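Working notes for the structure below.
The values are calculated or read from the model by the stated rules, or taken from the named source; none is laboratory data. Because the structure is a prediction, the values reported are computed rather than measured. Cβ placement follows ideal geometry from the backbone for every residue including glycine, while neighbour counts extend to all protein chains displayed. Surface accessibility is based on the protein's heavy atoms, side chains included, excluding ligands, DNA and RNA. Shrake-Rupley method; radii C 1.70, N 1.55, O 1.52, S 1.80 Å.
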Amino acid sequence: MFELPDQLMFLKNGRAKQKHSNESMQGKLCIVSGATSGVGYQAVKALANGGANIVMVVRNIEKAIAVKQEIEQNYSVDVDYYIADFSKLNQVKKAAKLILNDYSKIDVLINSVGIHSTKRMLNENGYEMVFCVNHLGSFLLTNLLLERLIESAPARIIQVNSEGHRFNGLDINDLNWERRIYTGLRRNGASKVEQLLTVWKFAERLKGTGVTINAMHPGGVRTNIGNNNGLLYRLFLHNITWHFLKNPKISGEALYYLASSKDLDNVSGKFYNLTIEEKPAKHALDVKLQKEIWEISLEMTSLEEKGE
Ligand SMILES: NC(=O)c1ccc[n+]([C@@H]2O[C@H](COP(=O)([O-])OP(=O)(O)OC[C@H]3O[C@@H](n4cnc5c(N)ncnc54)[C@H](OP(=O)(O)O)[C@@H]3O)[C@@H](O)[C@H]2O)c1
């Protein structure tokens, strides 16, 4: 039978029958960034349905309160939240510090925070916004919570990544897109490659600790992503792309599987298309780039920031 080459398997895997987990998450503590919308919100619902207590790391307090109220009304779990705008690394640091102060055990960390921007924007440190929100922010939060996850082992980290990493766009000498023509797709792809390269590095470091880290593509699903862009983009998104996108419930279910299934007890450093393990694009496996992006990310996130 005709088999697709590894690099095109994502076409098949996204439509394949997905795996499910009936494992209980009763009493587990799951931290979810980007929990106020889309994939992160669906993950919170699925985890709460499985009995997990939730800590959200989000930027919008009104949305945080609304999700907390909704989840606590519908499930017998506790929901807490910490405010951090991931484009401001000092806020991520502050939230991590408070979490470490308040929680002695973390079972799962899911980073679902993310944006897609058709325009190049810079944050207050001069870092390109998508790079900062999609990669540096989640890299920083993961690093700051790492010791606590190790103390809590067995524990799991899941980075919500994307098949968009296949668009690449990573140029180690131009992380801020100063020298090239910026495009939303390639910038997004670059941020996902940056994150993937550090997932392999985290996995290497976490060997033998009982903490696993994996990345996943949450499916092409109907969420708020891209709604920050211009009218033309939004018209296209809602009138054309929308018809090809799926219900984001599948992302929550997939994250529940990845967070709870015994199938993944000792699995680390892998990429999943929803629940199906898949080979990432070659450029996202480059060993030299892994080291480079890891070191640059460490350097960029340890900067003392203004306004702390
Ligand atoms: N939807 C898809 O088809 C798809 C496909 C591939 C990958 N993904 C990935 O899935 C992840 C979640 O995206 P989504 O589709 O669920 O989009 P979404 O509905 O827009 O959710 C994104 C979440 O990230 C938060 N966020 C955005 N910018 C932030 C910032 N500066 N600081 C703190 N939080 C911020 C949003 O907060 P607010 O609610 O306050 O806006 C929201 O909670 C992203 O990493 C995305 O790249 C999505």
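In table form, for the structure just shown:
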| read-out | value |
| --- | --- |
| Residue that is surrounded by the most Cβ atoms within 10 Å (Cβ to Cβ) [pool: residues in the range 1-59 that are in a strand (DSSP E or B), away from the ligand (no atom under 13 Å from the Cβ) and of a type outside the set (A, V, I, L, M)] | 30 |
| Complete set of residues in the range 96-134 that are more than 10 Å from the ligand (Cβ to nearest atom) and assigned to a helix (DSSP H, G or I) | 96, 97, 98, 99, 100, 101, 102, 131 |
| Complete set of residues in the range 164-204 that are β-branched (Val, Ile, Thr) and within 16 Å of the ligand (Cβ to nearest atom) | 183, 193, 198, 199 |
| Residue ranges of strands (runs of 3 or more DSSP E) in the range 169-287 with at least 3 members buried (at least 16 other Cβ atoms within 10 Å of the Cβ) | 211-217, 271-273 |
| Test: residue 138 is of a type in the set (Ser, Thr, Tyr), within 11 Å of the ligand (Cβ to nearest atom) and part of a helix (DSSP H, G or I) | yes |
| Residue match in the range 258-274 (condition: out of contact with any strand residue (DSSP E or B) (no Cβ under 9 Å at 6 or more places or on another chain) and among the hydrophobic types (A, V, I, L, M, F, W, C)) | no |
| Matching residues in the range 143-163 - criterion: being surrounded by fewer than 22 Cβ atoms within 10 Å (Cβ to Cβ) and either within 13 Å of the chain's Cα centre (by Cα) or within 14 Å of the ligand (Cβ to nearest atom) (or both) | 163 |
| Unmet criterion (only one of (1) in contact with a helix residue (DSSP H, G or I) (Cβ under 9 Å, 6 or more places away or on another chain); (2) surrounded by fewer than 19 Cβ atoms within 10 Å (Cβ to Cβ)) for residue 126 | (1) |
| Among (1) within 15 Å of the ligand (Cβ to nearest atom); (2) open to solvent by 10 Å² or more (accessible area, probe 1.4 Å); (3) closer than 20 Å to residue 192 by Cα - the single one residue 81 does not satisfy | (3) |
| Tabulated pairs, the range 168-186, first under 17 Å from residue 284 (Cβ atoms), second of a type in the set (A, V, I, L, M, F, W, C) and open to solvent by 30 Å² or more (accessible area, probe 1.4 Å), C-beta under 8 angstrom, 6+ apart or interchain | 169/185; 170/289; 172/289; 172/296; 175/296; 185/167; 186/167 |
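Listed here are the residues, each with its yes/no results for (1) touching a residue at least 12 places away in the same chain (Cβ under 8 Å); (2) of a type in the set (Lys, Arg); (3) farther than 18 Å from residue 35 by Cα.
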residue	(1), (2), (3)
208	no, no, yes
218	yes, no, no
221	yes, no, no
224	yes, no, no
227	no, no, no
242	yes, no, yes
247	yes, no, no
